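Worksheet: the structure to be examined is printed underneath.
Throughout, read-outs are computed from the coordinates displayed, never taken from laboratory work. No experiment lies behind these values; they were computed from the predicted model shown. Positions of Cβ are backbone-derived with ideal geometry, glycine not excepted, and every protein chain shown enters the neighbour counts.
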Amino acid sequence: MINNEYELKIMLTKNEYLMLRKYITTEYLQTNYYFDNEEYVVYTSMNSLRIRQINSKYIITHKHSISNNKKGVIEMVEKNVDIDKNVFTQLINGEKNIAEFINVEFKNLKYIGYLETKRAKLNLENNMPPAELDYNKYNNIIDYELEWEIDENIYNNAINILNKYGINIENHKIEQPKFLRFIRSLNIG
């Protein structure tokens, strides 16, 4: 399945994260297993390639960034393919090539590491879609972020809602996908 994603993405402080936790409606664990080659061509070409595990479900996802002029927004084309646990294990162990499942042109792809997320859905306002509050762990790093899949016509409303909670995007790191932060934690980019 291919879809476009328009997402407001903001890095949070620990205190902001803790303050927003009181609005949680559901919570679950997910793990992203990332793939690239030794030249990090996926990373350097503004793409990401992962398998996301949530419980016993495994989804391969390829994302390609599209430029966007709105602060805090990442716009991407995303392709997803469901796989089973056996295929997941073969991909992690290098017994199968992930490119065959997602139809990407990258060569010599291999599993390079993982990022664990405790994800919570939260309702910040009744007439808006739920936001996602993430506690992420990877390579001895912990960070906090808010992701909010919105459409372009409610962007200003979302910014105003965040301001009501004391979160001004002008004062935050923004537009940093998990894959980018994971790669940078490897000290290669």
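Couple of notes before you dig in:
- Backbone HN-Hα couplings from phi across the stretch 127-140 [Karplus 6.51/-1.76/1.60, Hz, Gly and Pro as x]: 8, 10, x, x, 9, 10, 10, 10, 10, 10, 10, 7, 6, 6
- One chain, two ends: I59 and N15. Fully extended at 0.36 nm per residue, the span grows by 12.6 nm beyond their Cα-Cα distance.
- Per-pair calculated FRET efficiency, R0 = 30 Å: K164 and I92 via Cβ, rounded to 0.05: 0.10
- Two-site FRET efficiency, N103 against L180, from Cβ-Cβ distance with R₀ of 22 Å, rounded to 0.05: 0.45
- For the stretch 19-106, the dipole from Cβ point charges (+1 on Lys and Arg, -1 on Asp and Glu) about the Cα centre works out to 620 debye, to the nearest 20.
- Cβ-based exposure ranking for D151, D134, in which fewest neighbours within 10 Å come first: D151, D134
- Ordered by the count of other Cβ atoms within 10 Å of each Cβ, fewest first, E152, E145 give E152, E145.
- Hydrodynamic radius of the stretch 2-185 by the Kirkwood approach over all distinct alpha-carbon pairs: 17.2 Å.
- Under 14 Å, Cβ to Cβ, from T117 - net charge with Lys/Arg +1 and Asp/Glu -1: +2
- Taking D143, D84 and counting other C-beta atoms within 10 Å, the order from fewest to most: D84, D143
- Full-stretch length increase - N156, N171 - with 0.36 nm per residue and alpha-carbon distance subtracted: 3.8 nm
- Over 32 Å (Cα to Cα) - which of K85/K164; K63/K118; K79/K164; K118/K164; K79/K137 fall in this group: K85/K164; K79/K164
- Protection-proxy order for peptides 35-42, 165-172, each taking the mean of Cβ atoms within 10 Å per residue, highest first: 35-42, 165-172
- Here's the picture: charge each Lys and Arg Cβ at +1 and each Asp and Glu Cβ at -1 in the stretch 139-189, and of I169, N187, I159 the one pushed furthest to the positive end of that dipole is N187.
- Taken about its Cα centre, the stretch 85-177 carries a charge dipole of roughly 460 debye when the Cβ of each Lys and Arg holds +1 and the Cβ of each Asp and Glu holds -1.
- Computed magnitude of the charge dipole of the stretch 2-185 (debye, nearest 20; Cβ of K, R +1, Cβ of D, E -1): 520
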